[in-house]
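As structure tokens, the structure follows; a few thoughts come after it.
The values are calculated or read from the model by the stated rules, or taken from the named source; none is laboratory data. Keep in mind that this is a model prediction, so the values were computed, not measured. Ideal geometry is used to build each Cβ from the backbone, glycine not excepted, and the neighbour counts take in all protein chains shown.
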Number of protein chains: 2
Amino acid sequence: MTKRPSSLLVVGSVALDDLDGPQGIHPDVLGGSASYFATAASFFVPASVQLVAVVGNDFPQAHVDFFVSRGIDVAGLERQEGKTFRWSGRYSDDLTSRTSLDTQLGVFAGFRPRLSDHHRSAEFLFLGNIDPVLQMDVLEQVRRPRLVACDTMNFWISGKPEELKRTLARVDLLVINDEEARQLAGVHNLVQAVEIIRKLGPRGVVVKRGDSGALLFYEGGVFAAPAYPLEQVRDPTGAGDTFAGGLMGYLARCGEVTPATIRRAMIYGSVLASYCVEDFSLDRLKTLTLEDIASRFRAFYELTHFEHIAL
Amino acid sequence: MTKRPSSLLVVGSVALDDLDGPQGIHPDVLGGSASYFATAASFFVPASVQLVAVVGNDFPQAHVDFFVSRGIDVAGLERQEGKTFRWSGRYSDDLTSRTSLDTQLGVFAGFRPRLSDHHRSAEFLFLGNIDPVLQMDVLEQVRRPRLVACDTMNFWISGKPEELKRTLARVDLLVINDEEARQLAGVHNLVQAVEIIRKLGPRGVVVKRGDSGALLFYEGGVFAAPAYPLEQVRDPTGAGDTFAGGLMGYLARCGEVTPATIRRAMIYGSVLASYCVEDFSLDRLKTLTLEDIASRFRAFYELTHFEHIAL
């Protein structure tokens, strides 16, 4: 029950994205689940985020420098001969749906994370949305993680269901989209879906619902975090990973997971995600300050607070 | 700034519904916006809800007796020669969408509400989802309402836009679905849509979002009420009207609209709606108790509560 900031290791993708949407084309921007996660988490535990991923020799050094400027440990960011993972997508005019136009795995295809001895001591672990076999591989290298969380997606749910279940059996907290939760459980009702998922292993399940907010199901009950009502959303890319980064970063900062800290962590995740979508790629996160975060945390409190007075 | 319960008049439809959904066919059940609204409101101001509507001579007396048993004043419930308004709808398997199969206006087609002298003194007024010309007609008969709220739907937004705008210009609070808010304003973003709608008249706008909860935009800022995560939803019919009834009923009970009472009213509306969908028609509301309401209000508090602690 320590209160010092804990080390937080994330394994996932670092990518170059080509985005197309109602506000124009944004080619060749920084993307990837681990990029968003690590950057969001770095606000809470600036010297304790460890990024494990792979990029090709086409990956701009400026992006690596940005991670370093955020205090992120990039010793686990391998650079290999070949192309960086590249995702290309197009958003609908109202930004509510997107189509993947192209996915080029590049060096990610042969990625086999090898954790350094230092990284094997990570206390908080986030397994980003990658092949569940790789997630398990990383999980087995970390000695005694105090909290293991993971994300996944439809591609692995339908493509590697058994491998995914083996990973889930060892995960404390699953952070997943609503549609993917339904797919994983095979039922539409979210409460029923979570009940089924929790039987696979995770004690806690966070269901991300886009602009409907996020729900946490855990031993302490259910907690609902709203999405912040924004007047303008520019780019939803990475919002879910940013949410997870804020959530896990805040938990690592607290150093302990309690009913009280995980509720605030849900809100801090929502705060970070609400800023993320205000601009393209990680641009808004690049100018974000702790004062901005504190100010929107207060706004979330105002957004949800009511007094409990008996009838 | 009184605290006594205020009178609450609702004008809207009292109907017979034929419901078809994944849980079977439920023909000939009590429905209509004013039925749900008045019943929900009656929990908060049992002797002060005034129902203004019309039914045909086929309308079962048992339903009228039920309203009376709830303490609802049915002096304004006209009975005319002809058929009661009848709506027939089919829900999709996941209950997320519905198709209107048939709508028979019956006696509702010639409905011209004439308020009694007593009803013209109503303090809180809810104009249910009916022709905006009728809404205005009722509004002009009420002498000095302290709060006027209304609902509307796509049919009137596209069919009688100018008449609707004349009604909205005299309304304090608009309670509307998200899709209808977008349609009324002509923009997708809800924050922008509400800004446009508020320029039409309403100081406050409540956006109902189904299982994503409801948002209140008012002078005091924005308030987000989640939907209660339910393990089983049987029938979403009337959830929005029940929400509005709980909201307005609680405000009438408090006798005043303040930033604090309207936030709790949003939650009481959500409490009532969460019970409503647990069974068909008004069945769940028929067995509901004040203890049930208090218990789920507490559950909503647990669902949303977090401490505001600085980073």
Kindly evaluate B:A75 against the criterion of being in a helix (DSSP H, G or I) and not basic (K, R).
no
Of all residues in the range A:102-144, how many are assigned to a helix (DSSP H, G or I) and within 20 Å of A:P5 (Cβ to Cβ)?
3
Only one of these conditions is not met by A:F280: (1) under 19 Å from A:F37 (Cα atoms); (2) part of a helix (DSSP H, G or I). Which number is it?
(2)
Give B:Y275, B:Y250, B:Y268 a once-over and let me know the one that is more than 13 Å from every other protein chain (Cβ to nearest Cβ) and in a helix (DSSP H, G or I).
B:Y275
Taking the residues in the range B:115-151 that are among the polar types (S, T, N, Q) and out of contact with any helix residue (DSSP H, G or I) (no Cβ under 6 Å at 6 or more places or on another chain) as candidates, determine which candidate is surrounded by the fewest Cβ atoms within 10 Å (Cβ to Cβ).
B:S116
Of A:A122, A:A181, the only residue that is without any contact (Cβ under 8 Å) to a residue 60 or more places away in the chain, small (G, A, S) and farther than 30 Å from A:P27 by Cβ is A:A181
Within the range B:182-204, track down each residue that is under 17 Å from the mean Cα position of the chain (by Cα) and either surrounded by fewer than 24 Cβ atoms within 10 Å (Cβ to Cβ) or within 15 Å of A:G213 (Cβ to Cβ) (or both).
B:G204
Residues of the range A:152-170 that turn out to be buried (at least 19 other Cβ atoms within 10 Å of the Cβ) and among the small types (G, A, S), as a count:
0
First in the range A:188-214 and within 12 Å of another protein chain (Cβ to nearest Cβ), second anywhere and among the basic types (K, R) and crowded, with 17+ Cβ neighbours inside 10 Å, Cβ under 9 Å, 6 or more apart
A:H188/A:R182; A:N189/A:R182; A:L190/A:R182; A:L190/A:R209; A:A193/A:R182; A:V205/A:R198; A:S212/B:R209; A:A214/A:K208
How many residues does the range A:294-311 contain that are within 7 Å of chain B (Cβ to nearest Cβ) and touching a residue at least 40 places away in the same chain (Cβ under 8 Å)?
2
Residue among A:V10, A:V74 that is crowded, with 24+ Cβ neighbours inside 10 Å and either modelled with pLDDT under 95 or within 24 Å of A:F124 (Cα to Cα) (or both):
A:V10
Does any residue of the range B:96-107 turn out to be in contact (Cβ under 8 Å) with a residue 60 or more places away in the chain and either within 17 Å of B:Q50 (Cα to Cα) or crowded, with 20+ Cβ neighbours inside 10 Å (or both)?
no
Looking at B:P46 and the list (1) within 25 Å of B:L115 (Cβ to Cβ); (2) surrounded by fewer than 18 Cβ atoms within 10 Å (Cβ to Cβ); (3) without any contact (Cβ under 8 Å) to a residue 40 or more places away in the chain; (4) more than 14 Å from chain A (Cβ to nearest Cβ), which single condition is not satisfied?
(4)
Could you list, in sequence order, the residues of the range A:212-231 that are at pLDDT 95 or above and of a type in the set (G, A, S)?
A:S212, A:G213, A:A214, A:A224, A:A225, A:A227
For the range A:150-166, check the following and say yes or no: at least one residue is away from chain B (no Cβ under 13 Å) and touching a residue at least 60 places away in the same chain (Cβ under 8 Å).
yes
Quick check, is A:G31 without any contact (Cβ under 8 Å) to a residue 40 or more places away in the chain and under 20 Å from the mean Cα position of the chain (by Cα)?
no
Can you find a residue in the range A:283-290 that is more than 7 Å from chain B (Cβ to nearest Cβ), in contact (Cβ under 8 Å) with a residue 40 or more places away in the chain, in contact with a Ser or Thr (Cβ under 8 Å, 6 or more places away or on another chain) and more than 26 Å from A:D18 (Cα to Cα)?
no
Considering the range B:215-247, residues that are at the interface with another protein chain (Cβ under 8 Å from one of its Cβ atoms) and not hydrophobic (A, V, I, L, M, F, W, C), and then whichever is nearest to B:D17 (Cα to Cα), we arrive at B:Q232
Report whether or not A:F67 is among the hydrophobic types (A, V, I, L, M, F, W, C) and in a helix (DSSP H, G or I).
yes
Just to be sure before I move on: is B:L174 closer than 20 Å to B:A265 by Cβ, within 14 Å of chain A (Cβ to nearest Cβ) and buried (at least 17 other Cβ atoms within 10 Å of the Cβ) in the structure I sent?
no
More than 30 Å from A:I25 (Cβ to Cβ) and within 14 Å of the chain's Cα centre (by Cα): which single residue out of A:L303, A:L311, A:L251 fits that description?
A:L251
Here is a check on your reading of the model: is B:D94 assigned to a helix (DSSP H, G or I) and out of contact with any strand residue (DSSP E or B) (no Cβ under 9 Å at 6 or more places or on another chain)?
no
Scan the range B:100-149 for residues that are touching a Pro at 6+ places or on another chain (Cβ under 7 Å), of a type in the set (A, V, I, L, M) and closer than 24 Å to B:G255 by Cβ and jot them down.
B:A122, B:L125, B:V138
In the set A:A109, A:A34, A:A41, the lone residue that is out of contact with any Leu (no Cβ under 9 Å at 6 or more places or on another chain) and small (G, A, S) is A:A109
